[in-house]
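Enquirer: Let me give you the structure first, and then I'll get to my questions.
The values are calculated or read from the model by the stated rules, or taken from the named source; none is laboratory data. Keep in mind that what you see is a predicted model, and the values were worked out from it rather than measured. Cβ placement follows ideal geometry from the backbone for every residue including glycine, while neighbour counts extend to all protein chains displayed.
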Amino acid sequence: MTRDGEIVDEQTDVSRTQIMAEVKAIVAEHMQITAEKIGDEDHLVNDIGCDSLDLVEISMKLEEHFALKVPDELAQDAQTIAEVTDSVLDLLRRSGHH
């Protein structure tokens, strides 16, 4: 299947959508906000209000939830929800989970 001239793997789209929803839920629970208030391109620090400790704790929750090792850089490099989702998806693929 193609979309806008690029080949799209429907399985990956579904997985990415599901993983993004899970990432949003983890961030929302930690920050005590509703997941619906979190946009795909929301920045963890600038838009959601995470500090460095929040980022470390969210990384630990991601590790536990997805049963994988999240590199320290993920917590140190404040990112958008979409970037975190893509990083988690990449880690899952490398570990053989997806």
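Enquirer: Please list, ordered by first then second residue, the pairs with beta carbon atoms under 7 Å, 6 or more apart or interchain, first in region 74-86 and closer than 11 Å to residue 21 by Cα and part of a helix (DSSP H, G or I), second among the basic types (Lys, Arg) and modelled with pLDDT of 80 or more.
Expert: 81/24; 85/16
Enquirer: Return the residues of region 18-41 that are farther than 20 Å from residue 90 by Cβ and under 14 Å from the mean Cα position of the chain (by Cα); say none if nothing qualifies. Write out each step before concluding.
Expert: Filtering region 18-41 for residues farther than 20 Å from residue 90 by Cβ gives 28-39.
28, 29, 30, 35, 38, 39, listed by residue number.
Enquirer: Would you please list the contacts, defined by Cβ atoms under 9 Å and residues six or more apart or on different chains, that run from a residue in region 50-72 that is farther than 17 Å from residue 89 by Cβ to a residue that is polar (S, T, N, Q) and exposed (fewer than 13 other Cβ atoms within 10 Å of the Cβ)?
Expert: Close Cβ pairs (under 9 Å, with a partner that is polar (S, T, N, Q) and exposed (fewer than 13 other Cβ atoms within 10 Å of the Cβ)) amount to 52/76; 55/76; 56/76.
Enquirer: Could you list, in sequence order, all residues of region 47-82 that are farther than 14 Å from residue 27 by Cα and of a type in the set (Lys, Arg)?
Expert: 69
Enquirer: Those residues that are within 18 Å of residue 44 (Cα to Cα) and either assigned to a helix (DSSP H, G or I) or of a type in the set (Val, Ile, Thr) (or both), I need them from region 60-73; list them, please.
Expert: Listed by number, the residues that qualify are 60, 61, 62, 63, 70, 72, 73.
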